[in-house]
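The values are calculated or read from the model by the stated rules, or taken from the named source; none is laboratory data. Here the structure is a predicted model, which means the values were calculated and not measured. Cβ atoms come from the backbone with ideal geometry, glycine included; neighbour counts cover every protein chain shown. What goes into the accessible areas is simple: the full protein's heavy atoms, side chains included, and nothing from ligands, DNA or RNA. Shrake-Rupley method; radii C 1.70, N 1.55, O 1.52, S 1.80 Å.
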Amino acid sequence: MTTPAGTPVWFELNTPDVAAAQDFYAAVTGWTVAASPMPEHGGYLIATAPDGDAIAGMMTPPPGAPAMPGWATYFASDDVDATVAATKERGGALRFGPMDIPHIGRFAILADPQGVTFVVMKGDSPEPATAFKQAPNQFGHGVWIELATPDPDAAIEFYGSLFGWGKQGAIAMGEMGEYTFIGRDGEAPPGAVMSSATTGAPARWNSYILVPDIDTAIATATGKGGTLIQGPDPIPGGDYSANITDPHGSQLGLVGSRKAA
């Protein structure tokens, strides 16, 4: 079974201090973080959810590696080279690759026409990716992605042409514009697009991780030197969302219930 194109398949943190990141995110998200068992991966750290699924990687980029600070989202591609070509044809750019990762798959770092970085990957495994699961109690998994961009309509058209997405409804945010859900017809949308110009959010892809209790996760993050930059705010379905930055300024979204509410 293959993973549909556009599905978030991996999350990766580029940080100057992987040891501190390991401690911070393990406490906030409940991940278990350990070095990859494959020596050729050079000490790359892998974060695993409580159910045993690998979710994310952490690394300090080696000299000469492409600059991609903070958290990056990897999207499934049926053909990485074809996605690179399509990105260029539609006004985007290739930042790095395509390149094969031993025992993992082929990937490329790209930028959309608005300059927002994203990564595409085709994995070697025949099994579907499990880092992103939109289901109850999938703690530690990615459950939502969010693009802030200066041109939401152009971005939706661009990513729609790559991944088969379309508009799947929207929430009006007054002067900040619309929060537009994206995805395929008949499927749960993986995320949404909003204006970076009207909201003031940095133009980037942001990912949200499910935690058992949003207030506990926020308190843990701030207690370990992180910062709360948004929330907790109610979202459809009864949960709450928040955004934090770690002690080095990398932003990550959180979703969870609010037991104290």
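A compact table of results
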read-out: Only listed residue being over 17 Å from the mean Cα position of the chain (by Cα), surrounded by 22 or more Cβ atoms within 10 Å (Cβ to Cβ) and more than 19 Å from residue 192 (Cβ to Cβ), chosen from 214, 218; value: 218
read-out: Subset tally (residues that are open to solvent by 50 Å² or more (accessible area, probe 1.4 Å) and touching a residue at least 40 places away in the same chain (Cβ under 8 Å)) for region 102-118; value: 5
read-out: Matching strands (runs of 3 or more DSSP E) fully within region 96-193 where at least 3 residues are farther than 30 Å from residue 50 by Cα and of a type outside the set (Lys, Arg); value: 166-172, 178-183
read-out: Residues that are open to solvent by 40 Å² or more (accessible area, probe 1.4 Å) and either touching a helix residue (DSSP H, G or I) at 6+ places or on another chain (Cβ under 7 Å) or under 22 Å from residue 90 (Cβ atoms) (or both), drawn from region 155-174; value: 157, 161, 164, 167, 168
read-out: Pair list, Cβ < 6 Å and 6+ apart or interchain, from region 242-261 residues that are within 11 Å of residue 217 (Cβ to Cβ) to residues that are surrounded by 16 or more Cβ atoms within 10 Å (Cβ to Cβ) and modelled with pLDDT under 95; value: 242/231
read-out: Residue count, region 58-96 (criterion: in contact with a strand residue (DSSP E or B) (Cβ under 7 Å, 6 or more places away or on another chain), within 30 Å of residue 247 (Cβ to Cβ) and surrounded by 13 or more Cβ atoms within 10 Å (Cβ to Cβ)); value: 13
read-out: Residue that is farthest from residue 128 (Cα to Cα) [pool: residues in region 75-95 that are touching a residue at least 60 places away in the same chain (Cβ under 8 Å), in contact with a Pro (Cβ under 7 Å, 6 or more places away or on another chain) and not in a loop (DSSP other than H, G, I, E, B)]; value: 75
read-out: One residue from 238, 177 being open to solvent by less than 60 Å² (accessible area, probe 1.4 Å), of a type outside the set (A, V, I, L, M, F, W, C) and out of contact with any Pro (no Cβ under 8 Å at 6 or more places or on another chain); value: 238
read-out: Extreme residue, farthest from residue 216 (Cα to Cα), among residues of region 11-45 that are in a strand (DSSP E or B) and open to solvent by 40 Å² or more (accessible area, probe 1.4 Å); value: 35
read-out: Condition check for residue 6: buried (at least 21 other Cβ atoms within 10 Å of the Cβ), on the phi > 0 side of the Ramachandran plot, touching a Pro at 6+ places or on another chain (Cβ under 8 Å) and touching a residue at least 40 places away in the same chain (Cβ under 8 Å); value: yes
read-out: Where a residue in region 154-168 is under 18 Å from residue 122 (Cα atoms) and its partner, wherever it lies, is among the aromatic types (Phe, Trp, Tyr) and open to solvent by 10 Å² or more (accessible area, probe 1.4 Å), with Cβ under 8 Å and at least six apart; value: 159/165
read-out: Filtered residue count, region 32-53, keeping only those that are modelled with pLDDT under 85 and not acidic (Asp, Glu); value: 8
read-out: Boolean, residue 121 is among the hydrophobic types (A, V, I, L, M, F, W, C) and without any contact (Cβ under 8 Å) to a residue 12 or more places away in the chain; value: no
read-out: Yes/no for residue 201 being over 20 Å from residue 53 (Cα atoms), at pLDDT below 95 and open to solvent by 50 Å² or more (accessible area, probe 1.4 Å); value: no
read-out: Qualifying positions in region 128-140 - surrounded by fewer than 21 Cβ atoms within 10 Å (Cβ to Cβ) and farther than 18 Å from residue 36 by Cβ; value: 128, 133, 134, 135, 136, 137, 138, 139
